[in-house]
Amino acid sequence: MDGRRRKRWTREKIIAAFDRWHATHLRAPSAREWYTAGRDHPSSWTVWNTFGTWNAAVTAAGLRARQRGEARVRPPRRRCAQTGRFVAGDPDTSASSH
């Protein structure tokens, strides 16, 4: 072994990792996003191995699983008139904040 300790990912710890993702992104992660998101959560393989399917893990975390073929809903984006940067939100509701 190379000196690194492997973390044991229980069902509860995986669900907690999904909760942390949801707190940040306000939606369930896709398997692809999870795979590329970093090292502070279990691998996609660990999630599948523990729960049987990705959607089973999402559902166990109390989140809504996206169905096969269902488009991912992205928050609306627009350019800020002052900075030209993309900002999230509907121009009618967020215009006062920029």
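Every number in this text was worked out from the coordinates using simple rules, so none of it is lab data. Computed from a prediction, not measured in an experiment: that's the story for all the values here. Backbone-built Cβ (ideal geometry, glycine too); neighbour counts: all protein chains shown.
General remarks:
- At q = 0.15, 0.21, 0.33 Å⁻¹ the log10 of I(q)/I(0) for region 11-60 amounts to -0.31, -0.64, -1.71, computed by Debye summation with a single uniform scatterer per C-alpha, solvent ignored.
- Each label point was placed 7 Å from the Cα along the Cα-to-Cβ direction; for Ala65 and Arg27 their separation is 1.8 nm.
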